[in-house]
Amino acid sequence: MTIPYPIKQPIPALASVTPPSGASRPRLAFHGTGYLGATYAICFAELGYEVVGFDVDEAKIAKLAGGEVPFHEPGLDELLRRNLAAGRLRFTTDIALAADFADVHFICVGTPQRADGMGADLSYVEQAVTRLAQHLTRKALLVGKSTVPVGTAEWVEQLVEKHAPAELGVEVAWSPEFLQEGYAVEDVLRPNRIVVGVKSEWANAMLYAVHKGVFDLAATEDREVPVVVTDFATAELVKVAANAFLATKISFINAMAEVCEAAGADVTQLARSIGYDPRIGHRFLQAGVGFGGGCLPKDIRAFQARAQELGAGEALRFLHEVDLINQRRRTRVLQLAAELLGRKSGPAGPDLSGTRIAVLGATFKPNSDDVRDAPSLAVAALLFKAGADVHVYDPQGMENARAAQPDLAYEQSTEDAVRGADLVCVLTEWADFRNADPMALGELVAARRIIDGRNCLDPALWTRAGWEYRGMGRPVAS
């Protein structure tokens, strides 16, 4: 059942489904109002649906209900306030209210890495499904959005059968999310594809009705939205497979950076050259300090763990090396710092005591306040552990960074961070840092030394301004 939905002419059998609530359009509930759930809830309200967001975290719900997004995502604050005012969107800690309100319930809770291994912790999924199933009073569709190990949807069906009254006929489906932090609003309103794993025509029709607002918007803009209707296992694998591919591509170019450093080549020119091959492309071929965030690192580890459980561990052995390459890029910055500062490394690593280092960037990527597994913050911690006096600045991630690494010093601006520094490290490619004036910053530092951990600066420009420049996989500028 892998078919594309036509965008401009709805399929009658799918378009005519009546939601169990009797409403003209399905009413939606999003369980878990973190980055995933809150973004989807707000954006679907913007598409005209009646939406409720549920969470057990009272402080988070209070913020959202008051018109404040508890994380940074461009454009989301305005949409939240607009849809709260329009009455299409509300937030609650009352599970009975959410269960009674919605026809389609999206499970959007976290699936972090287990503390005792590489696998995914599904305890939040279990709690969300069990809690909801016990409060349902009519037929509904539970749709998994969280990134999970293959086989989870079948297990969720078993939880529903155990905890929801059988006569209700509650069904389960899976529809992975593909949000990119910093671009999430566009990713929901104008997705590049929709994938649904279903077992019945009713579930398929309900999900068509749920996404009709997306299709209608696409029709007004003369776009098409590819839709793949498939089985549970394939739908679950799509997100982790995509993340594994992206992680592999990033680690590939970082492996090439290691070779370029040994050979005296320039990885940015190498990436540019191979990226012109349409089979390869330029995206995700930027060498640097590697990938991080709340998805790629934990997802590739959970994918390996699940493949091992299924007896297919050999197929994903390469992901272990992908992970190792990624981790090595962080320690490479420490090595470069020691070289630039003229410090030798001993058995315990370099001793950077007595040096002041500015770290520009704490989030794992720009246009986000997410510091989960951020390479920038991990490098800052390595520099601090080596004895350096580390001063950090990030345009959005300061509060989260301070909570994650409280021993570091945090500044209120780029200028404050670099003032008196013996070394500057650009570790997140915020526009503020990419466009910084090397002459002006040169007047503030103790020594003009810089590590471009994202290869986002112009080496010639900084070298002309008197800086000793080091990039990742790039020859020493002269």
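Here's a check for you: in the stretch 170-203, which residue that is part of a strand (DSSP E or B) and among the hydrophobic types (A, V, I, L, M, F, W, C) is farthest from the chain's Cα centre (by Cα)? Walk me through how you get there before you give the answer.
Kept after step one, since they are part of a strand (DSSP E or B), are these residues of the stretch 170-203: 171-174, 194-197.
Add one more test, that the residue is among the hydrophobic types (A, V, I, L, M, F, W, C), and what stays is 172-174, 194-196.
Working: VAL172: 25, ALA173: 22, TRP174: 19, ILE194: 18, VAL195: 18, VAL196: 20 Å.
Result: VAL172.
Look at ALA362 and say whether it is outside the structural domain of GLY288 (by TED's automatic domain parsing) and assigned to a helix (DSSP H, G or I). Walk me through it before giving the result.
On the way: outside the structural domain of GLY288 (by TED's automatic domain parsing): yes; assigned to a helix (DSSP H, G or I): no.
So ALA362 fails the test.
Quick check on the stretch 113-166: of everything there that is loosely packed, with under 14 Cβ neighbours inside 10 Å and hydrophobic (A, V, I, L, M, F, W, C), which residue is nearest to the chain's Cα centre (by Cα)?
Per the stated criteria, the residue is ALA115.
Let's see how each residue does on (1) closer than 27 Å to MET206 by Cα; (2) assigned to a helix (DSSP H, G or I); (3) modelled with pLDDT of 95 or more:
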site	(1), (2), (3)
PHE44	yes, yes, yes
TYR49	yes, no, yes
LYS60	no, yes, yes
VAL69	no, no, yes
ASN83	yes, yes, yes
PHE106	yes, no, yes
ALA128	yes, yes, yes
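Could you please tell me which pairs satisfy a Cβ distance under 7 Å, a separation of 6+ or placement on different chains, a first residue in the stretch 16-43 that is of a type in the set (D, E, K, R), and a second residue that is outside any loop (DSSP other than H, G, I, E, B)?
Qualifying pairs under 7 Å: ARG25/ALA209; ARG27/PHE101.
Among the residues of the stretch 100-120, which ones are touching a Ser or Thr at 6+ places or on another chain (Cβ under 7 Å) and over 29 Å from ARG27 (Cα atoms)?
Correct list: ALA120 only.
Just to verify a result, which residue in the stretch 310-355, among those that are modelled with pLDDT of 95 or more and among the basic types (Lys, Arg), is surrounded by the most Cβ atoms within 10 Å (Cβ to Cβ)?
Applying the filter and picking the extreme gives ARG329.
How many of the residues making up the stretch 381-419 are assigned to a helix (DSSP H, G or I) and over 21 Å from the mean Cα position of the chain (by Cα)?
Filtering the stretch 381-419 down to residues assigned to a helix (DSSP H, G or I) leaves 381-385, 398-404, 414-418.
If we keep only those that are over 21 Å from the mean Cα position of the chain (by Cα) too, we end up with 381-385, 414-418.
So the answer is 10.
Which of the residues belonging to the stretch 420-440 are under 15 Å from PHE364 (Cα atoms), in a loop (DSSP other than H, G, I, E, B) and touching a Lys or Arg at 6+ places or on another chain (Cβ under 8 Å)? Spell out the reasoning first.
Step one: filter the stretch 420-440 for residues under 15 Å from PHE364 (Cα atoms), giving 425-431, 433.
Among the residues that remain, those that are also in a loop (DSSP other than H, G, I, E, B) are: 427-430.
Residues satisfying the conditions are LEU427, THR428, GLU429.
Going through ALA307, ALA262 one at a time, which residue ends up being among the small types (Gly, Ala, Ser) and buried (at least 16 other Cβ atoms within 10 Å of the Cβ)? Even if it seems obvious, please write down each step before you answer.
Working: ALA262 fails: buried (at least 16 other Cβ atoms within 10 Å of the Cβ).
The match here is ALA307.
Which is assigned to a loop (DSSP other than H, G, I, E, B), over 30 Å from THR152 (Cα atoms) and not assigned by TED's automatic domain parsing to the domain that holds THR152, of SER368, SER353? Give the derivation first.
Working: SER368 fails: over 30 Å from THR152 (Cα atoms).
SER353 is the lone residue from the list that is assigned to a loop (DSSP other than H, G, I, E, B), over 30 Å from THR152 (Cα atoms) and not assigned by TED's automatic domain parsing to the domain that holds THR152.
Tell me yes or no: at least one residue of the stretch 222-231 is assigned by TED's automatic domain parsing to the domain that holds LEU47, surrounded by fewer than 14 Cβ atoms within 10 Å (Cβ to Cβ) and in a helix (DSSP H, G or I).
No, that holds for no residue.
With the structure loaded, tell me whether THR331 is outside any helix (DSSP H, G or I) and either among the hydroxyl-bearing types (Ser, Thr, Tyr) or in the same structural domain as ALA403 (by TED's automatic domain parsing) (or both) or whether it fails that test.
Values: outside any helix (DSSP H, G or I): no; either among the hydroxyl-bearing types (Ser, Thr, Tyr) or in the same structural domain as ALA403 (by TED's automatic domain parsing) (or both): yes.
For THR331, the condition - outside any helix (DSSP H, G or I) and either among the hydroxyl-bearing types (Ser, Thr, Tyr) or in the same structural domain as ALA403 (by TED's automatic domain parsing) (or both) - is not met.
The values are calculated or read from the model by the stated rules, or taken from the named source; none is laboratory data. All figures in this text were calculated on a predicted structure; none of them were measured in a lab. Cβ: placed from backbone, ideal geometry, glycine included. Neighbour counts: every protein chain shown.
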